[in-house]
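I have placed the structure first, in the form of structure tokens, so that the comments after it can refer back to it.
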């Protein structure tokens, strides 16, 4: 990370007071901020996106895995609890309204309350009605009407609203998950899960992967469910799970990991003044309530589209992801929507601020997105770091110290180490040569290239 990028990152983190979000721990604050922004994108209507001037839409919505006790605790309190609270309030309100409507229907008197007596029909519904009532033979017009009907679902009536208001669902095992996602609002749930010892990982991975890719059946009538996950791992089970080949945990790798710890890269831990956006936690709560309102608006079938030119930014983002594909296989697809989701979240979080009060909330957001993926890559590298790799790195370090005293042949080096074969010594030297630490001289001896021995960090990504 160069100085300009570090300055941009500092500005972004200061804008949203990440230090305070993490209760003094900057990494936890970074994770909490990312969770807040992605959550606002995850609860948006299907089809919500950032739309560029060329009408190209960058879709939003990203699955997250929060690992580490501190980040899991803060995100549970400040993000997941707020989600559950609003979901529970909506369900309770609709249940109460349903009871009132039932009481009115059963009363032997003129009705005093009628909810959604005249449901507003949207254009897709009107087109379907026209297609079904069309006279035989006018195929072109019928085709057009059916095409329009395929563009959006009907506006819900009162009974549909009370039955299909599940935006946020929770589950502790695969059976609960399959039940809970059925009948979710607009077929797009945000699923809250926790890693625990009792989970049937093979079945959970099967269901979660299908959910993330839109392949999970909703009903027997052909509807499907596509949603995102937020998984918390307060007990640091992730490290053991990804090493254990007996479990199918592919769905965990389909998430962006928000990690505690010092795997790096580490941002500057500066304490700044209060941000111009005010209290970010309160801003998030306000934006979350608006998000639920936009999602449940029964008179509109339209997604939320924010107009912003991020064509160049998205191209740079995809190129960056290609560069870390070797460390994180599949990241080019799994994190494709991350930058757009963060941008969407920022726009939702700051949408009610007066222009006169505003700075540029987007400054540094690309660096912030890259930081999240780099920390994920480094954490995964450390988690999968084997004992053999650790031994090889210690041997490399020892070889460098030997070569610091002067050139050595392979034979000289193997004499000085117990249980180091000639073949293994050559392999380690070739790896050091690839890293530009050593060079093979014309006389067959090996020597240092001038780089310090202490600069070798084969287990982490250098930024």
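Okay, here's what the table says:
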{"item": "Qualifying residue in region 156-165 (condition: at pLDDT 85 or above and more than 30 Å from residue 244 (Cα to Cα))", "result": "yes"}
{"item": "Lone qualifier among 296, 342 - being modelled with pLDDT of 90 or more, within 20 Å of residue 227 (Cβ to Cβ) and under 20 Å from the mean Cα position of the chain (by Cα)", "result": "342"}
{"item": "Pair list, Cβ < 9 Å and 6+ apart or interchain, from region 100-117 residues that are exposed (fewer than 11 other Cβ atoms within 10 Å of the Cβ) to residues that are at pLDDT 75 or above and in a helix (DSSP H, G or I)", "result": "111/104; 111/105; 112/104; 117/158"}
{"item": "Top-ranked residue of region 416-457 - restricted to ones that are modelled with pLDDT under 85 and assigned to a helix (DSSP H, G or I), ranked as nearest to the chain's Cα centre (by Cα)", "result": "455"}
{"item": "Region 54-67: number of residues that are touching a strand residue (DSSP E or B) at 6+ places or on another chain (Cβ under 8 Å) and surrounded by fewer than 24 Cβ atoms within 10 Å (Cβ to Cβ)", "result": "5"}
{"item": "Answer residue from region 134-150, given it is assigned to a loop (DSSP other than H, G, I, E, B) and at pLDDT below 80 and is nearest to the chain's Cα centre (by Cα) among those", "result": "134"}
{"item": "Residue in region 382-399 that is within 30 Å of residue 124 (Cβ to Cβ), surrounded by fewer than 19 Cβ atoms within 10 Å (Cβ to Cβ) and in contact (Cβ under 8 Å) with a residue 24 or more places away in the chain present", "result": "no"}
{"item": "Flag if residue 34 is surrounded by 24 or more Cβ atoms within 10 Å (Cβ to Cβ) and farther than 10 Å from residue 341 by Cβ", "result": "no"}
{"item": "Region 193-206, residues that are in contact with a strand residue (DSSP E or B) (Cβ under 7 Å, 6 or more places away or on another chain) and buried (at least 20 other Cβ atoms within 10 Å of the Cβ)", "result": "193, 195"}
{"item": "Enumerated strands (runs of 3 or more DSSP E) restricted to region 26-93, each holding at least 2 residues that are within 17 Å of residue 255 (Cα to Cα) and touching a residue at least 40 places away in the same chain (Cβ under 8 Å)", "result": "64-67"}
{"item": "Residues being closer than 16 Å to residue 449 by Cβ and in contact with a helix residue (DSSP H, G or I) (Cβ under 9 Å, 6 or more places away or on another chain) - total across region 395-434", "result": "13"}
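The values are calculated or read from the model by the stated rules, or taken from the named source; none is laboratory data. All of these numbers come straight from a predicted model, not from anything done at the bench. Cβ atoms come from the backbone with ideal geometry, glycine included; neighbour counts cover every protein chain shown.
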